[in-house]
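Read the structure below first, then the notes.
Here, each number is a calculation from the coordinates, and none is a lab measurement. Keep in mind that this is a model prediction, so the values were computed, not measured. Cβ placement follows ideal geometry from the backbone for every residue including glycine, while neighbour counts extend to all protein chains displayed.
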Amino acid sequence: MTLFESLKLFPKVDLHIDYFGSIPKSCIYELTNEVEKVDDILEFESLKDYDNQKKLVSHLLNSLDNICFATKELITKLKSDNLIYGEIFINLDLFHRNLNKRDIIKTILNVIKKSDLELNIVLMIESNVSKESLYNDLDILYEYYKKGINGVYFIKNKQENLDSYKALFDKFIKDDIDYIVLLDSKLTNQNKEIYYNAKRIIYNLFEIPSDNFLNIIREEEIILEFPVTHQNYFNLYDDLSNHFVYDLFKENIKLCFTTIDMTILDTDMLNEYCKLFNVFPFNLHDLVTLNLNILNRLNIKDDKKNNLIDEFKEKANELF
């Protein structure tokens, strides 16, 4: 069996599948008659193109039927990549304004439930939405928490500071809500508590983390998420081969690699796993360790978690 064949069969876990960025192109074409216009929009060359693609998908998902169809198509794609567990990131404010947010969630969860793929939703909440929208999304989060939604990703506006939302994070911590934050600037004494109580941190800095940071990450078993291909497409890294991520892996830091916007960046999970071999010095045994670390930290019921771990081990063992 070739390395590519092994990676194709390798059971995959992806903790950051962006809903709007990963709907398959075939589905996008199915939902519109403006093929030539779509072709132009799907040409990715800049951040403006990135925004336009998401707006296109948002425009097409203007009914619950279309959302149902798109979700089914996405799940079919994930199955073809041999995914055994995934988390779909959904920003409800990107859907058509005439749609009820609860109906959107119920529609997507119903499709997931009818599939035989283990998926959960992470609700994305942006700091620049209105208070009404923020509270509405929080109500939905609490209503469906651990009933299909298993976490929240809080996105702050670049001009804002997380400290402004300390009361919100205090509530998440008190209620034991799994939340995810993006680390794109150095930590201050004021916001360390917010980061160190997160279950996952999307690491978007270019320098290796400090020893103190790594010690706390290790002690708290926080997962560092590296969307390396995503960052590379936006020219945040000149050379991925100089990335420090493998050093962190050797230091027993829990890591995960994510595809995020598969359709927009014209990639898939198999391609991402190949990059781990071509760019970084990972091997199949390393990938087993990476995925088991992730599976053991999932915010799902113990019986489901144990079943997933057993399934993963069984499929991985077939490759050795």
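Structure notes:
- Among 155, 112, 23: highest mean-square fluctuation, GNM of the chain, C-alpha pairs under 10 Å: 155
- Per-residue HN-Hα couplings for segment 268-275 [Karplus 6.51, -1.76, 1.60; θ = phi - 60°; Hz; x = Gly/Pro]: 7, 5, 4, 4, 5, 5, 4, 4
- Amide H contacts under 5 Å for residue 89: 17, 18, 19, 122, restricted to partners 5 or more places along the chain or on a different chain, H placed in the peptide plane at 1.01 Å from N.
- Taking θ as phi - 60° and the Karplus parameters 6.51, -1.76 and 1.60, the scalar couplings of segment 312-320 work out to 4, 4, 5, 5, 5, 5, 5, 8, 10 Hz in sequence order, x denoting glycine and proline.
- Packing, as the average of other Cβ atoms within 10 Å across residues, places the peptides 282-288, 145-151, 10-16 in the order 10-16, 145-151, 282-288, highest first.
- Listed cross-link partners 48/186; 25/54; 156/186 are compared with a 19 Å cut-off, the Cα-Cα value being larger for 48/186.
- Out-of-range pairs (alpha-carbon distance over 21 Å; input 171/305; 275/301; 101/146): 171/305; 275/301
- Segment 152-191, Rg to Rh (Cα coordinates; Rh as Kirkwood inverse mean 1/r): 0.94
- The per residue volume of the convex hull around the alpha-carbon atoms of the chain is 140 Å³.
- Placing unit charges on the Cβ atoms only, positive for Lys and Arg and negative for Asp and Glu, gives the chain a dipole magnitude near 820 debye about its Cα centre.
- Integer Hz, Karplus 6.51/-1.76/1.60 couplings in order for segment 287-292, x for Gly and Pro: 5, 4, 4, 4, 6, 5
- In terms of its C-alpha gyration tensor, segment 16-153 comes out oblate, because a/c is 1.5 or above while a/b does not outweigh b/c.
- Once backbone amide H atoms are built at 1.01 Å from N, residue 126 has 155 as its partners under 5 Å, excluding neighbours fewer than 5 places away on the same chain.
- Neighbourhood net charge (9 Å Cβ-Cβ; Lys/Arg +1, Asp/Glu -1) for residue 12: -3
- Database remark: amide H of residue 254 closer than 5 angstrom to the amide H of 224 (H placed geometrically; neighbours at sequence offset of 5 or more, or on other chains; Pro and chain starts carry no H).
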